[in-house]
1. Based on the mean of other beta carbon atoms within 10 Å per residue, what is the order of 324-332, 110-118, most packed first?
2. Quick check for you: which residues of the stretch 120-135 have the amide N under 13 Å from the point 7 Å beyond the Cα of residue 166 toward its beta carbon?
3. Given the peptides 333-341, 137-145, 97-105, arrange them by the average over their residues of other C-beta atoms within 10 Å, most packed first.
4. Can you tell me how much longer the chain between residue 50 and residue 119 gets when fully stretched, taken as 0.36 nm per residue apart minus their C-alpha distance, in nm with one decimal?
5. Which distance in Å, rounded to a whole number, links the C-alpha centroids of the stretch 285-362 and the stretch 35-88?
6. Quick one: if you stick a label point 7 Å off each Cα along the C-beta vector at residue 29 and residue 191, how many nm between them?
7. Decide, for the stretch 72-164, between rounded, prolate and oblate: order the square roots of the alpha carbon gyration tensor eigenvalues as a ≥ b ≥ c, take rounded if a/c falls under 1.5, and otherwise choose prolate if a/b is larger than b/c, else oblate.
8. At a 10 angstrom cut-off on C-beta neighbours, averaged per residue, how do the peptides 363-371, 153-161 rank from highest to lowest?
């Protein structure tokens with residue numbers, strides 16, 4: 001299981017000890033790089049050039065070693081290659097294609113170093129670019145033979161710019177990848193923390209809902225059981241036992257429904273009832289949502305499970321309007337009473353919605369589990385959620401549910 005402490009977004013990846021897997025990956029990278037750049041070196045043998053093959057072999061081995069330690073000691077590897085480059089320039093040796101592998105080490109200095117290491121890498125890149133421009137001016141024949149020292153220095157000062165840009169670009173690319181990796185690691189930490197917080201909130205919500213839904217039923221069962229113990233009339237005992245059985249059956253259905261609702265991730269609310277609609281609307285208005293609330297018909301007595309489901313559906317619909325709707329337009333909420341309780345929410349959208357997300361699917365299932373029905377979708381340019389719960393309905397797990405379109 002991933003934990004928040006397992007990821008430190010402030011620390012560049014790859015620093016410190018190397019595990020076997022990363023070492024194997026770098027060995028493969030070194031082998032591929034050497035193979036690609038070694039082929040031109042083999043072709044150099046056919047040219048009429050006096051090639052110091054011993055120096056070429058030393059450079060190739062140094063490149064392989066630098067790539068192998070590029071994660072743990074990138075700046076040290078770059079410094080060693082820069083010193084080797086100075087020897088190459090002093091010997092006036094021809095250019096070896098394998099030298100281009102230094103771009104991998106420069107990238108690694110930006111990717112796996114901290115600030116001081118990156119600054120040191122830029123300084124080494126400057127030194128390496130000056131060496132490269134000196135080699136191009138002198139050994140490379142850019143300056144005419146017998147040119148004055150001032151002319152050589154002038155050409156070197158001009159020619160160092162292209163290699164410096166190339167070397168700096170390699171460092172900056174590695175730096176950018178490191179920044180992206182840190183951002184991703186920070187996102188993972190935030191997601192893990194948020195997931196834990198959501199789990200704790202769901203546990204707290206379940207505890208509250210369990211108390212609200214089941215406590216009354218258990219109190220009735222206890223009262224009826226205690227009363228039946230002292231009742232002399234068999235008819236009274238039978239009536240008490242029948243009440244106990246019905247209440248327990250209803251409570252069992254409530255518990256099963258609450259367990260089904262565990263997988264939903266809507267934010268818990270201590271008032272989870274249509275009686276708390278005004279508080280919910282005021283909270284949404286305080287968040288910047290222009291909610292227009294309209295009531296029609298009298299209040300409807302719903303079973304506690306349906307009351308919770310109706311409240312959660314309204315809460316999710318308003319949350320979706322806050323997150324995805326056009327806040328410049330009002331959100332209309334209508335609560336209708338009479339033969340049943342109807343919740344009608346419609347709002348304007350900033351863009352056409354895609355596939356239904358977890359929240360919309362959760363609203364449908366909440367309505368179905370509570371014995372109601374729900375419709376959601378686009379209606380004449382509005383995104384609309386309409387949920388209906390019949391008055392006086394039986395619990396869906398205690399008796400056959402009425403038909404619904406959930």
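1. 110-118, 324-332
2. In the stretch 120-135, the label zone of residue 166 (backbone N under 13 Å from the point 7 Å along Cα→Cβ) covers 128-135.
3. Values: 333-341: 17.3, 137-145: 14.6, 97-105: 20.7.
Per-residue Cβ counts within 10 Å, averaged per peptide and sorted highest first, yield 97-105, 333-341, 137-145.
4. On the way: separation 69, 0.36 × 69 = 24.84 nm, distance 3.76 nm.
Taking 0.36 nm per residue and subtracting the Cα distance, the gain is 21.1 nm.
5. The two parts, judged by their Cα centres, are 68 Å apart.
6. Inter-label distance under the simple model: 2.4 nm.
7. On the way: a/c = 2.81, a/b = 1.98, b/c = 1.42.
Judged from the Cα gyration tensor, the stretch 72-164 comes out prolate (a/c at least 1.5, a/b above b/c).
8. Working: 363-371: 23.8, 153-161: 15.9.
Packing proxy ranking, top to bottom: 363-371, 153-161.
Where a number appears in this text, it was derived from the coordinates with a stated rule and is not lab data. Computed from a predicted model, the values in this text were never measured in an experiment. Methodologically, a virtual Cβ is constructed for each residue, glycine included, from the backbone with ideal geometry; neighbour enumeration extends over all protein chains shown.
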